[in-house]
């Protein structure tokens, strides 16, 4: 099995059952590739190393049974400047800056960097260079948050809130 989609189909129910969501699955490299699985807590709490270890231990055997080549498993958090792979990720980070690369042009552009203004169904509104653009989610090739002081402050607050519980 060499296809990320097939790997996702195999592991998503297991990871979902553990209380996490799969943010992204990627095979990186061709010789002895790294299978990178990014996870996030369903409750949006920060991911800690113990979360990654628990997921790694739980999925290792099933991956080994279904993957017929050498690979290195890497389970990680999406990080602060995380990829945005689902409409709900954009919704969660309304007001923060993101980079979006599209498959097809939107008003003669394929790259957008600016503030996420809103989500309406499958449409993402982003402000770039003083103009608003609506990008269909199915037109997004890749998207991620941009590391800003505001994002760092929000992340630090989230971590602080978590330790005060």
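Quick note: the coordinates plus some simple rules give every number you see, no bench work behind them. All values derive from a computational prediction rather than experimental measurement. Reconstructed Cβ throughout: ideal geometry from the backbone, glycine too, with neighbour counts over all protein chains shown.
Roughly how tilted is helix 4-17, in degrees to the nearest 10 and between 0 and 90, from the longest Cα axis of the chain? Helix 4-17 sits at roughly 80 degrees to that axis. Calculated FRET efficiency, residue 17 to residue 141, Cβ-Cβ distance, R0 = 25 Å: about 0.25 to the nearest 0.05.
Taking the longest Cα principal axis of the chain as reference, the axis of helix 49-66 is set at about 60 degrees.
Listed values (i) 9, 34, 32, 21, 4, 0; (ii) 10, 38, 34, 15, 4, 0; (iii) 9, 29, 28, 18, 10, 5, 1, 0 include one computed from this model; for P(r) over Cα pairs in 10 Å bins from 0, in percent that value carries the label (i). Inter-label distance, residue 125 to residue 65: 4.8 nm, where each label sits 7 Å from its Cα along the C-beta direction.
Shown is the FRET efficiency for residue 117 and residue 28, computed with R0 = 30 Å from the Cβ-Cβ distance and rounded to the nearest 0.05: 0.40. Starting from the Cα gyration tensor of the stretch 87-163, take the square roots of the eigenvalues, sort them a ≥ b ≥ c, and report rounded, prolate or oblate (rounded when a/c is under 1.5, otherwise prolate if a/b is larger than b/c, else oblate). It comes out prolate by the Cα gyration axes. To the nearest 0.05, how large is the calculated FRET efficiency for residue 74 and residue 45 if R₀ is 22 Å and r is the Cβ-Cβ distance? With a Förster radius of 22 Å, E is 0.55.
Using only Cα atoms, tell me the angle between helix 149-163 and the longest principal axis of the chain; keep it within 0 to 90° and round to the nearest 10. Once rounded, one gets 50 degrees.
Per-residue ellipticity at 222 nm from helix content only, as computed over the chain with -39500 (n - 2.57) for each DSSP H run of at least four residues, stands at -10000 deg cm²/dmol. For the stretch 4-76, the Kirkwood hydrodynamic radius comes to 12.4 Å, computed from all pairs of different C-alpha atoms.
Taking the centroid of alpha carbons for each part, the stretch 129-162 and the stretch 1-55 are 21 Å apart.
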